[in-house]
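Undergrad: Would you mind keeping the following structure in view while I ask a few things?
The values are calculated or read from the model by the stated rules, or taken from the named source; none is laboratory data. Note that the structure is predicted; figures quoted are calculated from it, not measured. Methodologically, a virtual Cβ is constructed for each residue, glycine included, from the backbone with ideal geometry; neighbour enumeration extends over all protein chains shown. The accessibility values were calculated without ligands, DNA or RNA, using every heavy atom of the protein model including side chains. Shrake-Rupley method; radii C 1.70, N 1.55, O 1.52, S 1.80 Å.
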Amino acid sequence: MIYINNFTSKGDKGKVVITAGANEFHEIGAWMISDLLEMNGWDVYYLGSNTPESDLYQMLLAVQPHILVISVTMFFNLSSAAFVIRAIKQNPDIQNIKILLGGAAVKADPDLTKKLGADATADHAVEALKLVNDLAPQTGA
């Protein structure tokens, strides 16, 4: 009942794409972040687990989100996340998307933001919500 009472489908804060990435089958954390952001006024596009890179790029080009959240649970998927981040930052059509990393693999190294080229990393859901709000483009003065 709490979810129903707090849910809003009006995404007036901006667009967020959330994915667990290619070869990443752990999606509960990403799903939780998706719900949390949606309840807080974000227009969320949740892609789920094992999202092929080509599908992610197509979604980013079509939706033009403000923020991309990538969940990485398994350490061996960090290199794939780094590849995706580099590709996004090199594409002039989507290079301004802010990228937030989360998941168990991210917790192990506080320097992953810099190492992988992301804009921020989050250790837990509440921190992710705060960071997404901080990364959002500021409107008004």
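Undergrad: Of the numbered conditions (1) in a helix (DSSP H, G or I); (2) surrounded by fewer than 18 Cβ atoms within 10 Å (Cβ to Cβ), residue 41 satisfies every one except a single condition; which is it?
TA: With respect to (1) in a helix (DSSP H, G or I); (2) surrounded by fewer than 18 Cβ atoms within 10 Å (Cβ to Cβ), residue 41 is out only on (1).
Undergrad: Of the residues 116, 78, 129, which single one is closer than 23 Å to residue 35 by Cα and hydrophobic (A, V, I, L, M, F, W, C)?
TA: Numbers: 116 fails: closer than 23 Å to residue 35 by Cα; 78 fails: closer than 23 Å to residue 35 by Cα.
Every option except 129 fails the conditions.
Undergrad: Pull up the stretch 96-114, narrow it to residues that are in contact with an Asp or Glu (Cβ under 6 Å, 6 or more places away or on another chain) and basic (Lys, Arg), then point me to the one that is nearest to residue 16 (Cα to Cα). Outline the logic, then answer.
TA: Residues of the stretch 96-114 in contact with an Asp or Glu (Cβ under 6 Å, 6 or more places away or on another chain): 98-99, 107.
Checking the rest, the ones that are also basic (Lys, Arg) come to 98, 107.
On the way: 98: 10, 107: 22 Å.
This residue is 98.
Let's see how each residue does on (1) part of a loop (DSSP other than H, G, I, E, B); (2) open to solvent by less than 80 Å² (accessible area, probe 1.4 Å); (3) at pLDDT below 95:
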| site | (1), (2), (3) |
| --- | --- |
| 4 | no, no, yes |
| 11 | yes, yes, yes |
| 18 | no, yes, no |
| 22 | yes, yes, yes |
| 35 | no, yes, yes |
| 69 | no, yes, no |
| 92 | yes, no, no |
| 105 | no, yes, yes |
| 113 | no, yes, yes |
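Undergrad: Mind listing whichever residues of the stretch 71-87 are surrounded by fewer than 17 Cβ atoms within 10 Å (Cβ to Cβ) and assigned to a helix (DSSP H, G or I)?
TA: Restricting attention to the stretch 71-87, the residues satisfying the condition of being surrounded by fewer than 17 Cβ atoms within 10 Å (Cβ to Cβ) are 74-76, 79, 83, 86-87.
Of everything in the stretch 71-87, those that are surrounded by fewer than 17 Cβ atoms within 10 Å (Cβ to Cβ) and assigned to a helix (DSSP H, G or I) turn out to be 75, 76, 79, 83, 86, 87.
Undergrad: Being of a type in the set (A, V, I, L, M) and in a helix (DSSP H, G or I) narrows it down to one residue among 118, 62; which is it? Walk me through how you get there before you give the answer.
TA: On the way: 118 fails: in a helix (DSSP H, G or I).
None of the other options fit; the residue is 62.
Undergrad: Looking at (1) out of contact with any helix residue (DSSP H, G or I) (no Cβ under 8 Å at 6 or more places or on another chain); (2) among the β-branched types (Val, Ile, Thr); (3) within 21 Å of residue 112 (Cα to Cα), find the lone condition where residue 72 falls short.
TA: In the conditions (1) out of contact with any helix residue (DSSP H, G or I) (no Cβ under 8 Å at 6 or more places or on another chain); (2) among the β-branched types (Val, Ile, Thr); (3) within 21 Å of residue 112 (Cα to Cα), residue 72 misses (1) alone.
Undergrad: Between a first residue in the stretch 45-65 that is touching a residue at least 12 places away in the same chain (Cβ under 8 Å) and exposed (fewer than 15 other Cβ atoms within 10 Å of the Cβ) and a second residue that is in a loop (DSSP other than H, G, I, E, B) and of a type in the set (Val, Ile, Thr), which pairs have beta carbons less than 7 Å apart while being 6 or more apart in sequence or on different chains?
TA: 61/94
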